[in-house]
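Here is the structure we will look at.
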Number of protein chains: 2
Amino acid sequence: MEIFYSYDASPQVCLLDQEETRHCVKVLRHRPGDGVTVIDGRGTMYRCILSDTSLSGAVCNVVEAVPGWGAHPYRLTLAVCPTKNNDRYEWFAEKATEVGVDEIVPVIGEHSERKVYKTDRLRRILLSAAKQSLKAAIPQVREPLGVRDFIEDAPEDALKLIACCFEGEVPRLSVKEALEDSAGREIIVLIGPEGDFSPEEVTAAVARGFVPVHLGSSRLRTETAALTAAEAVYFHYM
Amino acid sequence: MEIFYSYDASPQVCLLDQEETRHCVKVLRHRPGDGVTVIDGRGTMYRCILSDTSLSGAVCNVVEAVPGWGAHPYRLTLAVCPTKNNDRYEWFAEKATEVGVDEIVPVIGEHSERKVYKTDRLRRILLSAAKQSLKAAIPQVREPLGVRDFIEDAPEDALKLIACCFEGEVPRLSVKEALEDSAGREIIVLIGPEGDFSPEEVTAAVARGFVPVHLGSSRLRTETAALTAAEAVYFHYM
């Protein structure tokens with residue numbers, strides 16, 4: 001099923017940018033009068049009829065708006081340290097989108113192998129993954145920030161989990177147990193780099209209300225841990 | 001942590017083949033007397049002292065045998081239709097190994113995009129993934145076979161699940177519900193191609209005791225569905 005993304009969607013009309021238009025008109029050869037499916041990236045799908053196919057930007061007239069298309073019944077933020085290998089982080093982002101995630105935050109920790117991260121490619125991958133999985137909401141990507149800053153800014157009332165490999169002062173719950181406390185709350189999971197979080201990072205997180213968790217007995221790569229967290233929430237709500 | 005694979009391991013001595021030896025001696029520069037960690041691929045880890053470092057094949061003297069190293073408390077077979085893109089299937093196999101799987105079977109279905117599959121690369125990826133996740137058991141890979149043959153050969157008493165996207169004559173359980181029946185039994189999950197299983201394949205599976213399941217409300221690519229099934233079992237036992 002072909003899905004198009006509209007940068008400017010309203011209940012009457014959806015506009016496609018040059019790239020989406022090129023794909024729609026030149027590649028897929030749609031003509032005025034064709035039915036097209038359009039998402040606004042924020043959760044609503046619009047069934048449309050193509051009215052203007054000029055390559056500067058197609059115009060689609062809305063026939064029906066479908067809110068919450070492909071939505072999941074929770075809000076999940078995954079704050080994950082970028083992996084040394086970009087492919088791996090991009091795989092995680094694509095798969096997390098298929099399963100269900102609302103926001104991805106690249107966080108830089110003390111033990112991070114990567115200290116910088118460019119989000120452009122990731123945004124394109126998330127758009128493509130959202131279309132492919134028939135979801136009208138594209139996960140947001142935040143600009144990279146330090147783990148300590150992420151911890152400080154985290155909302156008070158969210159269920160905040162920090163996945164770490166070692167047992168600190170506060171014994172870890174399994175992510176499954178910790179999610180029993182999630183009803184109605186936004187869920188945030190913080191996933192560290194291959195070298196794990198430092199004890200100071202965990203202490204700071206706990207002081208801000210983060211719950212230390214483990215992700216079971218398997219030793220998981222960063223990107224696998226991040227996806228496992230997404231799957232844990234998915235199953236909790238299954 | 002460096003792990004070496006022994007093709008011939010016993011409680012007294014472990015032999016490394018030329019490739020493992022080259023990596024151990026030439027690349028990592030181990031010398032006789034060094035401690036090395038060796039897996040036999042079948043579940044046991046051996047702490048050894050390197051005694052012979054000749055490049056035709058190193059010899060390691062066992063100090064301690066650790067059975068069930070990195071083991072998981074269930075037996076899981078994932079029978080998954082190969083994806084059009086090999087990377088995706090290899091990605092699934094690597095991640096399924098990290099999380100926990102015992103056997104991967106490439107199955108060819110009516111709607112499969114790929115009708116053949118070469119298992120060599122996959123075996124290398126599984127060995128590497130097992131070492132990286134500190135597991136002494138390397139998942140087995142079976143040679144490709146047709147979905148109908150796989151269904152016919154499936155063991156009677158295993159919990160057998162077939163993941164399909166449509167509602168057939170037998171209403172689907174969620175994979176989470178279906179796993180409640182798993183205690184003590186081998187678990188087999190059959191995952192179809194992007195075009196799903198045909199109604200005839202599902203009917204044949206049900207006749208052989210397969211339980212039709214869905215993997216939640218998200219629309220998942222084949223490789224994501226397969227990993228989601230592995231995660232479902234992992235969480236069931238968490």
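Every number here is computed from the coordinates shown, using simple stated rules; none is lab data. Predicted model, so just to flag it, every value in this text is computed and none were measured. Ideal geometry is used to build each Cβ from the backbone, glycine not excepted, and the neighbour counts take in all protein chains shown.
Some observations on this one:
- With both residues required to sit in chain B, DSSP beta bridges show an antiparallel share near 40%.
- Nearby lysines by direct alpha-carbon distance to residue A:95 (threshold 21 angstrom, same-chain neighbours under 8 apart not counted): A:84, A:118, A:131, A:135, A:176, B:84, B:95, B:176
- With its label point put 7 Å out from Cα toward Cβ, residue A:173 sits 2.7 nm from the same residue's point in the other copies, in order from shortest.
- Dipole magnitude (debye, nearest 20) for chain B, charges at Cβ of Lys, Arg, Asp, Glu: 780 debye
- On the rotation that sends chain A to chain B, the chain A Cβ lying closest to the axis gives residue and distance in whole Å as A:231, 2.
- Shielding by other protein chains, A:215-224, mean Cβ within 10 Å: 6
- For residue B:4, the residues whose modelled amide H falls within less than 5 Å of its own, excluding neighbours fewer than 5 places apart on the same chain, are B:37, B:38, B:39.
- Ranking B:62, B:232, B:184 by how far each Cα lies toward the positive end of the dipole of chain B (charges on Cβ) leaves B:62 at the top.
- Sorted shortest first, the distances from the residue A:19 label point to those of the same residue in the other copies are 3.9 nm; each point sits 7 Å from Cα along Cα-to-Cβ.
- This model, with +1 at the C-beta of Lys and Arg and -1 at the C-beta of Asp and Glu, gives the protein assembly as shown a dipole about its Cα centre of some 1000 debye.
- Translational D in µm²/s for the range B:134-228 (Stokes-Einstein at 4 °C, 1.567 mPa s, Kirkwood Rh from C-alpha pairs): 92 µm²/s
- Remark: the range B:62-67, residue by residue, has Karplus-estimated 3J(HN,Hα) of 6, 9, 8, 9, 10, x Hz, where x stands for each Gly or Pro and the curve is 6.51 cos²θ - 1.76 cosθ + 1.60 at θ = phi - 60°.
- By the Stokes-Einstein formula, at 0.692 mPa s and 37 °C, the protein assembly as shown with its Kirkwood radius over alpha-carbon pairs has D equal to 136 µm²/s.
- Measuring from each cysteine beta-carbon in the protein assembly as shown, the ones with no other cysteine beta-carbon under 4.7 angstrom are A:24, A:81, A:164, A:165, B:24, B:81, B:164, B:165.
- Pairwise Cα distances in the range A:62-142 exceed 14 Å for 61 percent of all pairs.
- Each Cα pair under 8 Å and six or more residues apart adds its separation to the average, and for chain B the resulting relative contact order is 20 percent.
- Unit Cα scatterers, Debye sum, the range A:3-67: log10 I(q)/I(0) for q = 0.18, 0.20, 0.27, 0.29 Å⁻¹: -0.50, -0.62, -1.14, -1.31
- With label points set 7 Å from Cα along Cα→Cβ, the inter-copy distances at residue A:31 are 7.9 nm, sorted shortest first.
- Where N is the number of residues in the range A:123-176, Cα Rg divided by 2.2 N^0.38 Å: 1.58
- Building the convex hull from the alpha-carbon atoms of chain A and averaging its projection over directions returns 13.3 nm².
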